[in-house]
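The numbers here are math on the coordinates, done by the rules we state, and not lab data. A quick note: this is a predicted structure, and the numbers were derived from the prediction, not measured. Virtual Cβ from ideal backbone geometry, glycine too; neighbours counted across all protein chains shown.
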Amino acid sequence: MFKFLFVFLLLLSCAGDRLPKLPVKTLDNRTVYLSDYKGRKLLLYVWSRTCAGHSRDLRELSKLAQNKDYTVISYALAMTPEDVIKSYRELGIRDNFITLVDIEVKFNDHYPITFLPSTYIFDEKGKLIKSSPGLYKP
């Protein structure tokens with residue numbers, strides 16, 4: 001099983017070479033593209049309200065966002081910006097990080113999601129260099 005998972009993650013890291021021009025919403029309902037964040041090292045935390053552990057991880061994101069080595073992005077799936085704002089409020093989350101909302105889960109078309117939550121690390125060129133189940137802390 002572990003060998004299969006390792007091979008899958010290795011293939012996954014080669015599947016999507018660059019940040020896609022994927023339309024997503026900001027919390028103020030503007031449309032931006034994931035590819036707009038190319039040029040910075042990214043820590044992309046992918047989650048949904050239904051996944052276990054996201055409340056604890058979102059609180060940790062606030063701490064990770066203070067590290068200037070990475071641009072930290074909370075990437076919410078299958079939710080609306082209003083849903084995310086409500087979740088943050090209920091959890092007492094101070095969002096000192098970027099939040100992007102993928103209402104239709106289009107991220108999965110480019111990087112198949114095996115675990116929720118998951119973390120994806122991209123280099124400055126927009127290349128996926130690591131993916132990890134849960135919150136990865138560099």
Relative to a virtual label point 7 Å from the Cα of residue 41 in the Cα→beta-carbon direction, which members of region 53-97 show backbone nitrogen distances below 16 Å? 64-73
Using only Cα atoms, tell me the angle between helix 54-64 and the longest principal axis of the chain; keep it within 0 to 90° and round to the nearest 10. 90 degrees
For residue 125, give me every one of the aspartates and glutamates with a C-alpha distance below 15 angstrom, ignoring sequence neighbours fewer than eight places off in its own chain. 17, 36, 69
Please go through the residue pairs 25/63; 21/106; 41/68 and name each one whose alpha carbons sit more than 20 Å apart in this structure. 25/63
Return the loop-located GluC sites (Glu not before Pro) in region 47-138 (DSSP other than H, G, I, E, B) with at most 16 other Cβ atoms within 10 Å of their own Cβ; answer none if there are none. 104, 124
Here are a few candidate values for log10 I(q)/I(0) by the Debye sum over Cα atoms at q = 0.10 Å⁻¹: (i) -0.35; (ii) -0.29; (iii) -0.41. Which one was actually calculated from the structure I just gave you? (ii)
